[in-house]
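To start, the structure itself, in C-alpha cells.
The values are calculated or read from the model by the stated rules, or taken from the named source; none is laboratory data. Fair warning: this is a prediction, and the values are worked out from it, not measured in the lab. Neighbour counts run over all protein chains shown; Cβ positions are idealised from the backbone, glycine included. Only protein heavy atoms, including side chains, enter the accessible area calculation; ligands, DNA and RNA are left aside. Shrake-Rupley method; radii C 1.70, N 1.55, O 1.52, S 1.80 Å.
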Amino acid sequence: MKRNVLVIGSGGREHAVCHTLARSENIGRIYAAPGNAGIAAMPTAECVDIKTTDLNGILEFVRAHDDIYMTVVTPDDPLSMGLVDLLNQNGFRAFGPTAAAAKIESSKAFAKELMRKYDIPTADYRVFDEFNAALTYITGAKYPLVIKADGLALGKGVVICKDFKTAENALREIMLDKKFGAAGASVVVEEFLYGEEVSVLVFTDGQTIKIMPTSRDYKRAKDGDKGLNTGGMGAFSPVTEFEDSKCNFKEIAMNSIFMPTIHAMNKEGRLFRGILYFGLMVTAGGVKVLEYNARFGDPETQVILPGLKTDLLEVFDACIDGKLGELDIEWDGKYRVCVVAASKGYPLSYEKGKKITIKDGEGLIFHAGTAIKDGELVTNGGRVLCAVGEGDLLSEACNNAYANLKRMTFEGMIFRRDIVRNAQ
Ligand code: AMP
Ligand code: GLY
C-alpha cells in the first residue's frame, strides 16, 4: 500500500529527506510544511504553507488529512517545542525524538551534565547562569577556551576565544545583550580541544544503533575557515580515515560514546528515538563529544542520504516501532561532496527575491532558501542551493560538486571554494 507522509522543514536537508523518501516504493504523496521550490517541483510532493513552529497548525493539517501515515520532524525548533509529543498524544505517528529526548541538543548544559554523570568523554567545562561569576572564572582561565550559549542558536552560539578580551565580549553579547535571546540565559565555558573533527549520525530506536557513513561539515562562512559561524557551507562523506576498520574508530566511539549515550538517556527516562548526531573531536587523548544534535545535520544529510540503499520509510518505521535491530541498512559506498550557494551577507542580513537560473546538466541540486514568485524561481533565504557531486574518489566527488555548482547563478551568490580541497 502506498503511504503519504508529511515532512516538516524547508532546508536542503528536508529536500534531501523528501528526495530519498520519494525513492521508496511505498511512498505515495509527500507533503512538506513549509517546504521550498525544489520540493514543490518533485512530481510526488506538495508544499503547504505552515511554519515549522506552528505546532497547532501542523496538528490541524494532520487531523484534516487522514491519508497521512507519518510526520517526519527534522528541524531542531519543533522537536524541542514538543511537536512529536503533540502528534503522538493525538494518536498520530511521528518520526523524531520527544521534547524530553531532544533536550540533548536544546540544552548544552543538560548534555554536558549527562556526559559527566555517565562518564562519556567530552571537554572539561563549567556552567554559569550569572554574568559576574562567569567573568571571574574566565579571568583566571587557560586559553583558548570555548563559550557556548546553552540553548538553540542556529549553530551560531559557539565562540572560540583565543584570549580574555574575546571571551569577555562573547559573555557580554550572550548573557547581557541577549544576542541569542533566552538561549543565552546560561552559558557553558569549556576547554578547547585539539584534534580532528568528524560527525557520526546514527539511526536509533532507543536500544539499537545503526551508524551512517562518517561526514564533516564546514561551519565558517569564508575560505580557510575564516568568517562567522554559519549553519554549514559544505560537507563531505565519508571521512576516509575514520572508515578504515584498522583505526578502530567506530568500535571505540560505539563503546565509549554512542551506546553509553543511549543508555544514559534511557536511565534518565528520556527514550531517544530518531536521528542522533554526534559531533566528535578525535584528540590525542581519545574520542570526545563536542556536541549532540537530535536530528539530521544540514548540509551533512545532503551528502549522506543519497547513498542510502535501504528504503528510508522502512528505517523510520523501524525506529518508531523499536525494531531497528531487525533491519539491515545498506549504503552505496560512494563519496559525496556538497557546496552551499548562499546569499551575499549570510549569516548576517541578506536580500531575498533574487532571480535564480539553473542550467540543465548532471548532478543533484538540493534547494534550501528558494521560492517561486510570479512564476520565477527566486532566492528566499540565507543558504539558497546545495550542489552535490559524487564519485568513487573524494577528489572526483569534489570536482563534480563544483562542476554542478557552475550550473547555478543568482545575484550576490557566495560559496566557499575550498570545500574538501583544503581538508584531506
Ligand atoms: P558545536 O555547535 O558545539 O559543535 O560547536 C561548533 C564548532 O565549534 C564545532 O564544530 C567545533 O569546530 C568548534 N568547537 C566546539 N567546541 C569545541 C571545543 N571544546 N574545542 C574545540 N573546538 C570546539
Ligand atoms: N551542520 C551542522 C548542523 O546541522 O547542526
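Based on Cα contacts under 8 Å between residues 6+ apart, the range 120-212 shows a relative contact order of 34 percent. Each Cα pair under 8 Å and six or more residues apart adds its separation to the average, and for the chain the resulting relative contact order is 16 percent. For the range 90-167 versus the range 264-280, the inter-centroid distance based on Cα atoms is 16 Å.
Remark: the range 110-122, residue by residue, has Karplus-estimated 3J(HN,Hα) of 4, 4, 5, 5, 4, 5, 5, 4, 9, 6, 9, x, 7 Hz, where x stands for each Gly or Pro and the curve is 6.51 cos²θ - 1.76 cosθ + 1.60 at θ = phi - 60°. Along the axis of the charge dipole computed for the chain (Cβ charges of +1 for Lys and Arg, -1 for Asp and Glu, origin at the Cα centre), the listed residues Ile30, Thr370, Gly274 are led at the positive end by Thr370. Solvent-accessible area of the range 233-288 (1.4 angstrom probe, protein heavy atoms only): carbon and sulfur portion equals 53 percent. Considering only Ile275, Ile356, Ile365, the Gaussian network model of the chain with Cα springs below 10 Å gives its largest mean-square fluctuation to Ile356.
So if I place +1 on the C-beta of Lys and Arg and -1 on the C-beta of Asp and Glu, and nothing else carries charge, what would the dipole magnitude of the range 259-331 be about its Cα centre? I want it in debye, nearest 20. Computed about the Cα centre, the dipole is about 400 debye.
Here the sum of -39500 (n - 2.57) over DSSP H runs of 4 or more residues, divided by the residues of the chain, equals -7500 deg cm²/dmol at 222 nm, to the nearest 500. Please work out whether the range 48-175 counts as rounded, prolate or oblate from its C-alpha gyration tensor, where a ≥ b ≥ c are the square roots of the eigenvalues and a/c under 1.5 means rounded, while otherwise a/b larger than b/c means prolate and anything else oblate? Note, shape of the range 48-175 comes out prolate. At 1.4 Å probe size, with every protein chain present, just tell me what the per residue accessible area of the chain comes to in Å². I get 42 Å² per residue for this part. Cross-link pairs exceeding 30 Å in C-alpha to C-alpha distance, out of Lys142/Lys219; Lys148/Lys246; Lys112/Lys210; Lys219/Lys309; Lys179/Lys267; Lys373/Lys406, comprise Lys148/Lys246; Lys179/Lys267.
Each of Leu55, Phe110, Val146 was scored by the projection of its Cα onto the charge dipole of the range 1-151, and the greatest displacement toward the positive side belongs to Val146; charges sit on the C-beta of Lys, Arg, Asp and Glu. Overall, the range 69-182 carries a charge dipole of about 200 debye about its Cα centre when +1 sits on the Cβ of Lys and Arg and -1 on the Cβ of Asp and Glu, all other atoms neutral. Dipole of the range 318-424 computed with +1 at Lys/Arg Cβ and -1 at Asp/Glu Cβ about the Cα centre; of Gly412, Leu324, Cys398, farthest Cα towards the positive end is Gly412. What net charge is computed for the residues neighbouring Pro260, neighbours being all others with C-beta under 11 Å from the C-beta of Pro260, Lys and Arg scored +1, Asp and Glu -1? Result for the local shell: +1. Approximating the spin labels as points 7 Å out from Cα along Cα→Cβ, the Glu251-to-Glu326 distance works out to 3.0 nm. Rounded, prolate or oblate: which fits the chain, taking a ≥ b ≥ c as square roots of the Cα gyration tensor eigenvalues, rounded meaning a/c under 1.5, else prolate when a/b beats b/c? It is rounded, given that a/c, with a ≥ b ≥ c, falls under 1.5. Magnitude of the Cβ-charge dipole of the chain, K/R +1 and D/E -1, about the Cα centre, nearest 20 debye? The calculation lands at about 920 debye. These residues, Met259, Met81, Met265, go from largest to smallest accessible area, 1.4 Å probe, as Met81, Met259, Met265. With a ≥ b ≥ c the root eigenvalues of the C-alpha gyration tensor of the range 161-202, is it rounded (a/c under 1.5), prolate (a/b larger than b/c) or oblate? Note, shape of the range 161-202 comes out oblate. Under a 5 Å amide H cut-off, with hydrogens placed 1.01 Å from N, Cys47 pairs with Ala32 among residues at least 5 apart or on other chains. Across the range 178-190, coupling constants 3J(HN,Hα) worked out from phi with the 6.51/-1.76/1.60 Karplus curve, θ = phi - 60°, read 6, 4, 10, x, 5, 4, x, 5, 10, 10, 9, 10, 10 Hz, and Gly and Pro carry x.
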